[in-house]
Amino acid sequence: MVVEAEISKEERACLVALSQVTHVGPVRLGRLREYFGSLDAAWRAGERDLRQILDERALRAVLAARVAVEPELVLDRIAKSGADIVTVLDDAYPRILREIPSPPPVLYYRGTLPDADERSIAIVGTRRATSYGREVTSRLASELAAAGVGIVSGLAKGIDGVAHRAALDAGGRTFAVLGSGVDVIYPHEHRQLAERTVESGALISDYPPGTRPDAPNFPPRNRIISGLSLATVVVEAPARSGALITVGFAADQGRDVYAVPGSILSPASDGTNRLLRQGALPLTSATDLLEDLNLAPPGAAPAAQLEFPMTDDERAMYARVTSEPQHIDELAYSAGLSIAAASALMTMLELKGLVANAGGQHFMSTAVRPKSTRQLPS
């Protein structure tokens, strides 16, 4: 769907109302808007026209919702719950999440969402963390948060809770993605942690306020955890773990996956050690991750890079630069640009301290980054 800086209240109300209808997901919402020109028009459309887009099951669900629901009142109820809304049509929708396949049409949140330049990493793992897992998680989350990296997790017991708490204790930002409404905190013992998260980040969900925690809700929400993150780190995970579902989503979304090596004698590390065999990147320190993803602390960045962040064109070109020198002709061909256009972009990247000219118009990244990540099974 086309992104708009501002959509009408009627369009937002109908998008939210339709997103809450069973059997109407992101794909069908997009088709409805494309066919009718707006979701407001789709909400008011006749049954015969709706049949052009919806199968019988979805059609019946929409017709039933139109009898029972008034879209504007849906927005009022959400506002009274204390939650805010951002839709996939809004410019304020998290950019990195918009890039995943079929991003959630509506996000409900409390707090402050990641902005367009937010650099976030997901840290996930078992609810039954060992002392080793807790210590590693605390250290990683603290160091990453201190470097200005947002920490994303699921507010669950174990690794999730440790990651959120460590990020907050380090004075950083953290984002908790829930399998319930943002006004229904689960587990209950994390209510205080949830309130701290709201103050320094956000509670986020694609489930409407009032939704109770239910087992089927949690696997789908993991796509948002990985979708909000540049990479996913698994600290501890047994052979069967919800954290591994997040890994599957991250792989499908083209995001890097890191695994912390664990003892071969610990069942809590069976899943993480298996991920390493399957191609996940081994992680033994926050420094490695910061270097791999070019997430050096802001204080360490060149002044030009801080004052002039990368443009979209520069970001696309920089993604093609590796730690091995490449000639400008090769880079230009790879990017589908003229030599002159590619050279201009490389000059700006060089001024910002992101690339270096190794001689003879051969350019390389100034950060140590992995050349590729092997595709993990989902």
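List, please: which pairs have Cβ atoms under 8 Å, are six or more places apart or on different chains, and start with a residue in segment 92-108 that is among the aromatic types (Phe, Trp, Tyr) and end with one that is assigned to a strand (DSSP E or B)?
From segment 92-108, the pairs are 93/86; 93/87; 93/107; 108/84; 108/85; 108/204; 108/205.
Which of the residues that make up segment 300-337 are in contact with a Gly (Cβ under 6 Å, 6 or more places away or on another chain) and at pLDDT 90 or above? So that I can check it myself, show each step before the final result.
Taking segment 300-337 and keeping what is in contact with a Gly (Cβ under 6 Å, 6 or more places away or on another chain), we get 302, 305.
Result: no residue meets the conditions.
If you go through segment 97-110, how many residues are outside any loop (DSSP other than H, G, I, E, B) and surrounded by fewer than 19 Cβ atoms within 10 Å (Cβ to Cβ)? Steps first, please.
Here is the first cut: in segment 97-110, the ones outside any loop (DSSP other than H, G, I, E, B) are 97-98, 106-110.
Still in the list and also surrounded by fewer than 19 Cβ atoms within 10 Å (Cβ to Cβ): 98.
Count: 1.
Quick one: residue 57 ticks every box in (1) surrounded by 19 or more Cβ atoms within 10 Å (Cβ to Cβ); (2) over 24 Å from the mean Cα position of the chain (by Cα) bar one, so which box is it?
Residue 57 satisfies every listed condition except (1).
Is there any pair with a first residue in segment 138-157 that is in contact (Cβ under 8 Å) with a residue 60 or more places away in the chain and a second that is hydroxyl-bearing (Ser, Thr, Tyr) and not in a loop (DSSP other than H, G, I, E, B) whose Cβ atoms are under 6 Å apart and which are 6 or more apart or on different chains, and what are they?
Going by the 6 Å Cβ cut-off, the qualifying pairs are 152/120.
Determine whether segment 111-124 contains at least one residue that is of a type outside the set (Phe, Trp, Tyr), surrounded by 19 or more Cβ atoms within 10 Å (Cβ to Cβ) and more than 14 Å from the chain's Cα centre (by Cα).
Yes.
Please state which of the following conditions residue 83 fails to meet, knowing it meets all the rest: (1) in contact with a Pro (Cβ under 6 Å, 6 or more places away or on another chain); (2) under 21 Å from residue 253 (Cα atoms).
With respect to (1) in contact with a Pro (Cβ under 6 Å, 6 or more places away or on another chain); (2) under 21 Å from residue 253 (Cα atoms), residue 83 is out only on (2).
Looking at segment 41-85, what helices (runs of 4 or more DSSP H) fall wholly within it and have at least 2 residues that are free of Cβ contacts under 8 Å to residues at least 12 places away in the same chain and under 21 Å from residue 206 (Cβ atoms)? Reasoning before the result, please.
On the way: elements: 47-50, 56-68, 71-80.
Fully inside segment 41-85 and qualifying: 71-80.
Conditions (1) modelled with pLDDT of 95 or more; (2) buried (at least 17 other Cβ atoms within 10 Å of the Cβ), marked per residue:
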residue: 195; (1), (2): yes, no
residue: 271; (1), (2): no, yes
residue: 279; (1), (2): no, no
residue: 293; (1), (2): no, yes
residue: 298; (1), (2): no, no
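For the condition closer than 24 Å to residue 174 by Cβ and either modelled with pLDDT of 95 or more or buried (at least 24 other Cβ atoms within 10 Å of the Cβ) (or both), what is the one hit in 206, 256? First the steps, then the outcome.
Values: 256 fails: either modelled with pLDDT of 95 or more or buried (at least 24 other Cβ atoms within 10 Å of the Cβ) (or both).
Only one candidate qualifies: 206.
Within the set of pairs 6+ apart or on separate chains, which have a first residue in segment 189-203 that is more than 16 Å from residue 170 (Cα to Cα), a second that is assigned to a helix (DSSP H, G or I), and C-beta atoms under 7 Å apart?
Correct list of pairs: 190/161; 203/194; 203/197.
Can you report the number of residues in segment 199-227 which are under 15 Å from the mean Cα position of the chain (by Cα), among the aliphatic types (A, V, I, L, M) and more than 16 Å from residue 141 (Cα to Cα)? Walk me through how you get there before you give the answer.
Residues of segment 199-227 under 15 Å from the mean Cα position of the chain (by Cα): 201-206, 219-227.
When the remaining residues are screened for being among the aliphatic types (A, V, I, L, M), the result is 202-204, 224-225.
Filter again for more than 16 Å from residue 141 (Cα to Cα), leaving 202-204, 224.
Here the count works out to 4.
The values are calculated or read from the model by the stated rules, or taken from the named source; none is laboratory data. This is a predicted model, so every value here is computed, not measured. Every residue, glycine among them, receives a Cβ derived from its backbone with ideal geometry; neighbour counts consider all protein chains shown.
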